[in-house]
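Novice: Before I ask anything, here is the structure I am working with.
The values are calculated or read from the model by the stated rules, or taken from the named source; none is laboratory data. Keep in mind it's a predicted model, so treat the numbers as computed, not measured. Note: ideal-geometry Cβ built from the backbone for every residue, glycine included; neighbour counts use all protein chains shown. Surface areas here come from the heavy atoms of the whole protein model, side chains and all, with no ligands, DNA or RNA. Shrake-Rupley method; radii C 1.70, N 1.55, O 1.52, S 1.80 Å.
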Amino acid sequence: MPVKSYIQAVTQAMREEMERDDKVFVLGEDVGKKGGVFKATEGLYDQFGEERVIDTPLAESAIAGVGVGAAMYGMRPIAEMQFADFIMPAVNQIISEASRVRYRSNNDWSCPITIRAPYGGGVHGALYHSQSVEAVFANQPGLKIVMPSNPYDAKGLLKAAIRDEDPVLFFEHKRAYRLLKGEVPDDDYVLPIGKADVKREGDDITVITYGLCVNFALQAAEKLEEEGISAHILDLRTVYPLDQEAIIEAAKKTGKVLLVTEDNKEGSIMSEVAAIISENCLFDLDSPIQRLAGPDVPAMPYAPTMEKFFMVNPDKVEEAMRDLAEF
Amino acid sequence: MGKKRHEELGLTDEQVLDMYRTMLLARKIDERMWLLNRAGKIPFVISCQGQEAAQVGASFALDRDKDYTAPYYRDMGVVLAFGMTPKELFLSGFAKAEDPNSGGRQMPGHFGQKKNRILTGSSPVTTQLPHAVGVALAGKMEKKDFASFVTLGEGSSNQGDFHEGLNFAGVHKLPVITMVENNKYAISVPLERQVASETVADRAKSYGMPGYQVNGNDPLEVYKVVKEARERAINGEGPTLIEAITNRLTAHSSDDDHTAYRDKEEIEEMKKNDCVHIFSQYLKDNDILTDEKEQELIKELDKEINEATDYAENAPYAEPEDALKYVYADKGGE
């Protein structure tokens, strides 16, 4: 089976969907000739031409809003935000428009748009090229938010997002783009949106996380295995709406839960996961729910000392997992 | 005497009479909505009064079997011209389940009806402009020959989406017709406190498209400029910005009192220049309409409006739990 990087999986998903369906097209800044600042759309311009791989003016609300209009018409736009940090001007179009089109029209209109954006830190991106923005959108029914943790998932989930009948925010970890490699079949496969995935079976502690942090947790779990600590790891995959059933099952399995996100701690996706566990698993828990996250400062600083301090990494995850196991 | 003005535009007597009928229908529905509001039967009204000429003149210049429209909240004249019925508008006014715009979910004036290619709209202003551009982009990609028609108020021409959307349309030469219905007030704030450029039409220059200011009180003048804009759009010559100068004859909405910021003389002067009366006079001057025929028309419209009101008032609301439906497509839309 071919081994591909996370970003190659993303590109392949788009290419396959564009080959499969003429209604799929890409729009965003620098997505055309340049193939994207991270090269996520590399080769698509040459294969599909400027009509279907559209370099837009530098204006995020228009990228989202024009995509919303095209989606309402019946196209399948993939809009790229160059960095998740720059999605803010498009929030009105995403929250007031895309997420509400079906509901407000009583199911008359729909908005099958996919909005992709690279998120995440550890790349010397400072405040505005490192952020996790999913929590901003994670209480907007009508939207779905998908955050894949490895190349295989990235391809299958992006293809599902493009085919989804509703708007999907698809956040790709920019550090994962070239860091993570894995087997990605050339087959046409899709993975279910709205379902979490057990990435590792274990009995002593449960780690629930998503995105790049899944990889950190897997690394930590391997080390802890040598110490006799067996970790169960649930990858949320879709962070909104959450797969409550899978979360409850994973929490009950070991009774000790660590929730990991590289976003700021307060009001994060993990706050909601913690609430779900509290509501449903009180008598199954053997320790307080633990959260490992970024500190509650506005965003990640540039200097390597402060960046490292902010960022979740395998060592921090390992330490938190060990502490929980020893509780 | 040469040709009459509407004949010069290629419009028949029947067509201009139909225009007038649509304008008058919009006016009379709107007036009924106010009565219902003041009687405590419906919670909210937002009016088209004074803007019917621009709305109907523009719509008649479009291909109403093909073109898409992204109307704003005052556009009752547009949606009637595009095929929404009085009954459907009253269902929306009464927030009843059968309302095709939203099934009673949205306030009145938040139009949307897929079968008539009326995009669903929201309350944050100008978000519909990029949507119209997106529809035009899709049409161009699919090699279709429709135009995308979007409207908004002049205050909304300050929003980022106005500028981002027009620039996108200009760069990609898309078949978009944007009509700003300039009624000179954004709720209470007058034009000179809203727009720094001399005209709204001037803003077109930055976006590489022609901008025209027209008398929005005259449906024929609006018809002419929209017709030309549509031809350019269909010929691949790109978008057009039109500023129709209109009057807002009522307060901003049923929750506003415009005497707090407009003086009596101004309001009286506006009412003397009521576009519905002016067009009625044009038709009479050209022997297309008589007082008797007009009375017959009013009777016919009143009957239709009475029936629509009764129907909507007696129609059922959505079930409470229907509030849970249609968040996502899966689970049968529930």
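Novice: Among the listed residues B:Thr250, B:Thr259, identify the single one that is open to solvent by 70 Å² or more (accessible area, probe 1.4 Å), polar (S, T, N, Q) and closer than 24 Å to B:Val45 by Cα. Outline the logic, then answer.
Specialist: Working: B:Thr250 fails: open to solvent by 70 Å² or more (accessible area, probe 1.4 Å).
That would be B:Thr259, the only listed residue that is open to solvent by 70 Å² or more (accessible area, probe 1.4 Å), polar (S, T, N, Q) and closer than 24 Å to B:Val45 by Cα.
Novice: Go through (1) farther than 22 Å from B:Thr151 by Cα; (2) open to solvent by less than 50 Å² (accessible area, probe 1.4 Å) for B:Pro43 and report which single condition fails.
Specialist: (2)
Novice: Restricting attention to region B:97-116, report how many residues are open to solvent by 30 Å² or more (accessible area, probe 1.4 Å), of a type in the set (D, E, K, R) and more than 7 Å from every other protein chain (Cβ to nearest Cβ).
Specialist: Count: 2.
Novice: Somewhere in region B:268-285, is a residue of a type in the set (Ser, Thr, Tyr) and part of a helix (DSSP H, G or I)?
Specialist: Looking only at region B:268-285, we keep the residues that are of a type in the set (Ser, Thr, Tyr), and these are B:280, B:282.
With part of a helix (DSSP H, G or I) added as a condition, the list becomes B:280, B:282.
Yes, some residue in region B:268-285 is of a type in the set (Ser, Thr, Tyr) and part of a helix (DSSP H, G or I).
Novice: Could I ask something else about it? Could you say whether any residue in region B:224-234 is crowded, with 21+ Cβ neighbours inside 10 Å, touching a residue at least 60 places away in the same chain (Cβ under 8 Å) and in a loop (DSSP other than H, G, I, E, B)?
Specialist: The answer is no, given that none of the residues of region B:224-234 is crowded, with 21+ Cβ neighbours inside 10 Å, touching a residue at least 60 places away in the same chain (Cβ under 8 Å) and in a loop (DSSP other than H, G, I, E, B).
Listed here are the residues, each with its yes/no results for (1) touching a residue at least 60 places away in the same chain (Cβ under 8 Å); (2) under 23 Å from B:Tyr185 (Cα atoms).
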position	(1), (2)
B:Arg27	yes, yes
B:Glu31	no, yes
B:Ile42	yes, no
B:Ile46	yes, yes
B:Ala54	yes, yes
B:Gly57	yes, yes
B:Ala61	yes, no
B:Arg64	no, no
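Novice: Residue check, A:Gly67 against (1) more than 11 Å from chain B (Cβ to nearest Cβ); (2) small (Gly, Ala, Ser); (3) crowded, with 24+ Cβ neighbours inside 10 Å, all met but one. Which one?
Specialist: (1)
Novice: Looking at (1) within 29 Å of B:Leu137 (Cα to Cα); (2) within 22 Å of the chain's Cα centre (by Cα); (3) open to solvent by 20 Å² or more (accessible area, probe 1.4 Å), which is the one condition that is false for B:Glu237?
Specialist: Answer for B:Glu237: the failing condition is (2).
Novice: Need the failing condition index for A:Ala79 against (1) open to solvent by 20 Å² or more (accessible area, probe 1.4 Å); (2) closer than 23 Å to B:Tyr207 by Cα; (3) within 14 Å of chain B (Cβ to nearest Cβ), just the number.
Specialist: Only one criterion is unmet by A:Ala79, namely (1).
Novice: Could you check, for region B:295-316, whether at least one of its residues is assigned to a loop (DSSP other than H, G, I, E, B), under 23 Å from the mean Cα position of the chain (by Cα) and away from chain A (no Cβ under 14 Å)? Walk me through it before giving the result.
Specialist: Step one: list which residues in region B:295-316 are assigned to a loop (DSSP other than H, G, I, E, B), which gives B:315-316.
Okay, now just the ones that are also under 23 Å from the mean Cα position of the chain (by Cα), so none.
Checked region B:295-316: no residue is assigned to a loop (DSSP other than H, G, I, E, B), under 23 Å from the mean Cα position of the chain (by Cα) and away from chain A (no Cβ under 14 Å).
Novice: Starting from residues that are closer than 19 Å to B:Asn306 by Cα and of a type in the set (S, T, N, Q), keep the ones in region B:68-96 and report whichever is farthest from the other protein chains (Cβ to nearest Cβ).
Specialist: Among them, the one singled out is B:Thr85.
Novice: Something else about it: In region B:120-222, which strands (runs of 3 or more DSSP E) lie fully inside it and hold 1 or more residues that are among the aromatic types (Phe, Trp, Tyr) and surrounded by 18 or more Cβ atoms within 10 Å (Cβ to Cβ)? Give the derivation first.
Specialist: On the way: elements: B:148-153, B:176-182, B:211-215.
Output list reads B:148-153, B:211-215.
Novice: Next question. Of the residues that make up region A:11-22, is at least one more than 8 Å from every other protein chain (Cβ to nearest Cβ) and more than 19 Å from A:Arg163 (Cα to Cα)? Full working, then the answer.
Specialist: Filtering region A:11-22 down to residues more than 8 Å from every other protein chain (Cβ to nearest Cβ) leaves A:11-22.
Pick out the ones that are also more than 19 Å from A:Arg163 (Cα to Cα) and you get none.
There is no residue in region A:11-22 that is more than 8 Å from every other protein chain (Cβ to nearest Cβ) and more than 19 Å from A:Arg163 (Cα to Cα).
Novice: Continuing with the same structure: Could you please find all residues in region A:2-46 being on the phi > 0 side of the Ramachandran plot and open to solvent by 10 Å² or more (accessible area, probe 1.4 Å)?
Specialist: A:Asp30, A:Lys39, A:Gly43
Novice: I've got another one for you. Is it the case that A:Ala320 is surrounded by 19 or more Cβ atoms within 10 Å (Cβ to Cβ) and over 22 Å from the mean Cα position of the chain (by Cα)? Don't jump to the end; show me each part of the working.
Specialist: Numbers: surrounded by 19 or more Cβ atoms within 10 Å (Cβ to Cβ): yes; over 22 Å from the mean Cα position of the chain (by Cα): yes.
For A:Ala320, the condition - surrounded by 19 or more Cβ atoms within 10 Å (Cβ to Cβ) and over 22 Å from the mean Cα position of the chain (by Cα) - is met.
Novice: Has region A:213-232 got at least one residue that is open to solvent by less than 40 Å² (accessible area, probe 1.4 Å) and closer than 30 Å to A:Met75 by Cβ?
Specialist: No - not one qualifying residue is present in region A:213-232.
Novice: In contact (Cβ under 8 Å) with a residue 60 or more places away in the chain and either within 14 Å of chain A (Cβ to nearest Cβ) or assigned to a helix (DSSP H, G or I) (or both): does that describe B:Ala329? Let's see the steps before the verdict.
Specialist: Numbers: in contact (Cβ under 8 Å) with a residue 60 or more places away in the chain: no; either within 14 Å of chain A (Cβ to nearest Cβ) or assigned to a helix (DSSP H, G or I) (or both): yes.
No; evaluated as a whole, the condition is false for this residue.
Novice: Here's another thing I want to ask about it. Taking helices (runs of 4 or more DSSP H) that do not extend beyond region A:96-182, which have at least 1 residues that are more than 14 Å from chain B (Cβ to nearest Cβ)? Talk me through it step by step, then tell me what you get.
Specialist: Values: elements: A:101-104, A:134-137, A:151-163, A:176-179.
So the answer is A:134-137, A:151-163, A:176-179.
Novice: Further, regarding this structure: Which one of B:Gly139, B:Gly134, B:Gly165, B:Gly160 is within 15 Å of A:Ala98 (Cβ to Cβ), at the interface with chain A (Cβ under 9 Å from one of its Cβ atoms) and of a type outside the set (Ser, Thr, Tyr)?
Specialist: On the way: B:Gly139 fails: within 15 Å of A:Ala98 (Cβ to Cβ); B:Gly165 fails: within 15 Å of A:Ala98 (Cβ to Cβ); B:Gly160 fails: within 15 Å of A:Ala98 (Cβ to Cβ).
One residue alone meets the criteria, B:Gly134.
Novice: Can you name the helices (runs of 4 or more DSSP H) wholly within region B:1-103 that have at least 3 residues being among the polar types (S, T, N, Q)? Steps first, please.
Specialist: On the way: elements: B:5-8, B:13-38, B:52-60, B:76-81, B:86-93.
Fully inside region B:1-103 and qualifying: B:13-38.
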